[in-house]
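Asks: Right, I'll just put the structure down here and ask away after.
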Amino acid sequence: CMSRDPDAAVDRYHRATEDRKLVCSSTPAGTANILATDLPAPLTTAVMRRINHLARAARSKDDPRTMDQIRADVFLDLLNGDQTRAPGRGIVDIRVDLTTLIGLDDKPGELAGFGPVVAEVARRVVASETGARHRVTVTDSNRVVWSGTTRRRPTTAIRDHVQAETPTCIFPGCRMPASQCDIDHRQPWSEGGSTTVANSNPLCRRDHIRKHHGWRTTTLPAGTRVWVSPLGRTYRMERDPP
């Protein structure tokens, strides 16, 4: 159970997603099956929401296909690069306790249409970039204290400015080009941080994940970045001269 042993639940989740794969196989009828296993739950639910949305938009009263058939056709059209009738990305709809969101406990979150997810995943959905819109409901003792739909991804202008100002990942020792990095919020979005140039830094995907596993960072007035590891070790990165 996720609530009784959160650490074991997190370990199971990570081990499973490490084994994710896509398999294509033939059938005796001459058709084909595509099976994707052990995918991250938040992104998968967003994808399924988008497929359902597109399928409903594509359906007409004269269409002889069932909804299952339309969903299958939408799936193939998307992967094949064909145009669809409804643009946009999926929505990640999650409910999480405030105490879990700020790290005081590890109660499971709840993904609408999927079910419970481990606390770490719930926090990551709220704090990370998935490309989807986030419909977040925060509760305190089963009482809704905040609810809203957010779009957290930076605009092209913000991304271009951040990449020009900081050309590489800001994690100590990492030289990954900013063009290949995530744009991370200095003050987390879940804590009220805005999606602005002043609140954004480039972090490669590996170090972005690492930041959400206990690493802390602050930026001093002169631009020096101070990183503190989960073991308490401090690393200072002086700002490059203009």
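The values are calculated or read from the model by the stated rules, or taken from the named source; none is laboratory data. Note that the structure is a prediction, hence the values are computed from the model and not measured. Ideal geometry is used to build each Cβ from the backbone, glycine not excepted, and the neighbour counts take in all protein chains shown. For accessibility, only protein heavy atoms count, side chains too; no ligands or nucleic acids. Shrake-Rupley method; radii C 1.70, N 1.55, O 1.52, S 1.80 Å.
Asks: Can you find even one residue in the stretch 169-180 that is out of contact with any strand residue (DSSP E or B) (no Cβ under 8 Å at 6 or more places or on another chain), at pLDDT 80 or above and open to solvent by less than 60 Å² (accessible area, probe 1.4 Å)?
Replies: Within the stretch 169-180, not a single residue is out of contact with any strand residue (DSSP E or B) (no Cβ under 8 Å at 6 or more places or on another chain), at pLDDT 80 or above and open to solvent by less than 60 Å² (accessible area, probe 1.4 Å).
Asks: Can you tell me how many residues within the stretch 4-35 are of a type in the set (Asp, Glu), more than 17 Å from Arg124 (Cα to Cα) and surrounded by 10 or more Cβ atoms within 10 Å (Cβ to Cβ)?
Replies: Final tally of qualifying residues: 1.
Asks: Looking at the stretch 33-46, is at least one residue more than 20 Å from the chain's Cα centre (by Cα), at pLDDT 90 or above and of a type in the set (Ser, Thr, Tyr)?
Replies: Looking for residues that are more than 20 Å from the chain's Cα centre (by Cα), at pLDDT 90 or above and of a type in the set (Ser, Thr, Tyr), one finds none in the stretch 33-46, hence no.
Asks: A further question follows. In the stretch 57-71, what residues are over 20 Å from Thr31 (Cα atoms) and part of a helix (DSSP H, G or I)?
Replies: Ala57, Ala58
Asks: Kindly establish whether Val74 is surrounded by 15 or more Cβ atoms within 10 Å (Cβ to Cβ) and either out of contact with any helix residue (DSSP H, G or I) (no Cβ under 7 Å at 6 or more places or on another chain) or assigned to a helix (DSSP H, G or I) (or both).
Replies: Taking the combined requirement at face value, the residue satisfies it.
Asks: If you don't mind, another one. Taking the stretch 89-121, which residues are part of a strand (DSSP E or B) and either open to solvent by less than 40 Å² (accessible area, probe 1.4 Å) or not basic (Lys, Arg) (or both)? Reasoning before the result, please.
Replies: Of the stretch 89-121, the ones part of a strand (DSSP E or B) are 91-97, 109-111, 115-117.
Ile91, Val92, Asp93, Ile94, Val96, Asp97, Gly109, Glu110, Leu111, Gly115, Pro116, Val117, listed by residue number.
Asks: Filter the stretch 194-242 down to residues that are among the β-branched types (Val, Ile, Thr), open to solvent by less than 40 Å² (accessible area, probe 1.4 Å) and more than 25 Å from Thr155 (Cβ to Cβ) and give me whichever is farthest from the chain's Cα centre (by Cα).
Replies: Thr224
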